[in-house]
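Since the structure comes first, as structure tokens, the remarks are kept for the end.
Every number here is computed from the coordinates shown, using simple stated rules; none is lab data. Keep in mind the model is a prediction, meaning the values are calculated, not measured. As a convention, Cβ positions derive from the backbone with ideal geometry for all residues, glycine included, and neighbour counts pool all protein chains shown.
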Amino acid sequence: MTPHPSPSVPRRPAQPRPCPPRSRRATVAIAVMILVAVAELAVVSIVTRTGRDQGLTNRRIETVQSFYASEAGINMAMREMWQNTDEDGDGTIGGINSGTNRATDPAVGTARVYVTRTNSGSTMTLNSFARCGQAVNRAQSNLR
């Protein structure tokens, strides 16, 4: 017969063995390294996205500035015609820097503008071209 433990002595449940201190430190170090890597990825993605958004914002600003500069060019040309004077000295009343040297185009804010004038019968057409950075805009006005 095999001896049975006595019912009066309770059995202790098995206790998990505690990790040695060196093993705990290694686990904490690995967890910290993972957290640092995740934080680095988050920072890099935020910086990249911010740079891209800034580029889009700059392009939008340039587009708006070139739009308003082309409209201002039309107004400058109309003013020359109403006053019957060549204010910019390009030799054409109603044309703003209608020569071919784009480096001398007048500045409207940070944009550059030039206006050409063409006549067809009783209709006069003013074409205003403005550029600011990479943005280019064209406005047209037909006068009778």
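One table, with the values for the structure above:
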item	result
Region 33-49-region 73-144 distance, computed between alpha-carbon centres (Å)	51 Å
Listed candidates (1) 41, 20, 14; (2) 84, 15, 9; (3) 25, 18, 13 - label of the one calculated as semi-axes √(5λ) of the Cα gyration tensor in Å	(2)
Point-charge dipole on Cβ atoms (K/R +1, D/E -1) for region 43-140, about Cα centre, debye to 20	540 debye
Relative contact order (%) - the chain, alpha-carbon pairs under 8 angstrom, separation at least six	20 percent
Residue (of Gly121, Ala103, Ile93) at the positive-pole extreme of the chain, dipole from beta-carbon charges	Ala103
C-alpha long axis of helix 21-83 to longest principal axis of the chain, angle in °	10 degrees
